[in-house]
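**Q** Could you have a look at this structure, given as structure tokens, before my questions?
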Amino acid sequence: MLSPYPDQIETIQGFASIKIKEKDSISRSKFSFVFSLPSRARIEAFDFLGRTIYQIIIKEKKAFLLVPSKKIYWQSTEEEIIDKFIGSKLSLSEAASFLSGQWDYLKEKEEGKNRDSWSIDRDQEGRVVRGEKPGMSFQVNEYIEGTDLIRTVSFENRFQEGQLKILSIEYNDPVKEGLFSFSFINSFQRKTWVEIKEVMSHES
């Protein structure tokens, strides 16, 4: 499923699958994503039976990784949280561009900020084909038919390599009320990343 790409992105919603290879292990999962730009995001990762493994909620620079089945969470920066998800420290706008394949949007939003910049290569049709910055690179393998939007992309960082595949994506659909709420804090217990990682290894 694909909605037309708009002139201005306000929200991005959809589903994707991800495969990450690290040393001798390979992990696979599917996830849903909702981005309400420029400062809010929610990602929910599922196991092969469709059960939630964890959720990520980011809003106005506050970032949380939750394990709902155990009612626990870890709080950190958005780049640290996304690093645990994809293996690279990406800002929210970088992650949105990575999923949508629209790197002009990223360049516009990141202009003037003090961060490592991306080097983006395009083909003769103007489509993004590869990109890199210190510590991470990606290569586009497949586009959504009839568009310049990315369907499948391979990526590498210092310790891992992986592949991301977009299963469906919609732009500027209304976002459900309360989707980025932090109300879970009242009933969840805060943990360290080491504690959360141990629990997630058993959940998956």
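Please treat every number below as a calculation from the coordinates, not as lab data. Worth saying up front: this structure is predicted, and the values here are computed from it rather than measured. Don't worry about glycine lacking a Cβ; one is built from the backbone with ideal geometry, like all the others, and counts go over all protein chains shown.
**Q** Given the rule -39500 (n - 2.57) for each run of at least 4 DSSP H residues, summed and divided by the residues of the chain, what is its mean residue ellipticity at 222 nm, to the nearest 500 deg cm²/dmol?
**A** Using -39500 (n - 2.57) per qualifying helix, the result is -5000 deg cm²/dmol.
**Q** Can you list the residues, at least 5 places off or on another chain, whose amide H is less than 5 Å from the amide H of ARG130, using H built in the peptide plane?
**A** Close amide H contacts, sequence-distant or interchain: ASP121, VAL140.
**Q** Here are several values of P(r) over Cα pairs in 5 Å bins from 0, in percent: [x] 1, 7, 13, 17, 17, 12, 8, 5, 3, 3, 3, 3, 2, 2, 2, 1, 1, 0, 0; [y] 1, 7, 15, 20, 22, 17, 11, 5, 1, 0, 0; [z] 1, 6, 13, 17, 18, 15, 12, 9, 5, 2, 1, 0. Which one was derived from the coordinates shown?
**A** Entry [y].
**Q** Further question on the same structure: Which value, in debye to the nearest 20, gives the size of the charge dipole of the chain about its Cα centre, when Lys and Arg are +1 and Asp and Glu are -1 at the Cβ?
**A** For this selection, approximately 840 debye.
**Q** Report the label-to-label distance for GLU195 and LYS133 in nanometres (one decimal), using points 7 Å from each Cα along the Cα→Cβ vector.
**A** Output for this residue pair reads 3.2 nm.
**Q** Now for a separate question. Of SER168, MET200, GLN139, which is farthest towards the positive pole of the chain's charge dipole, taken about the Cα centre with +1 and -1 on the beta-carbons of Lys, Arg and Asp, Glu respectively?
**A** Looking along the dipole axis, the top candidate is MET200.
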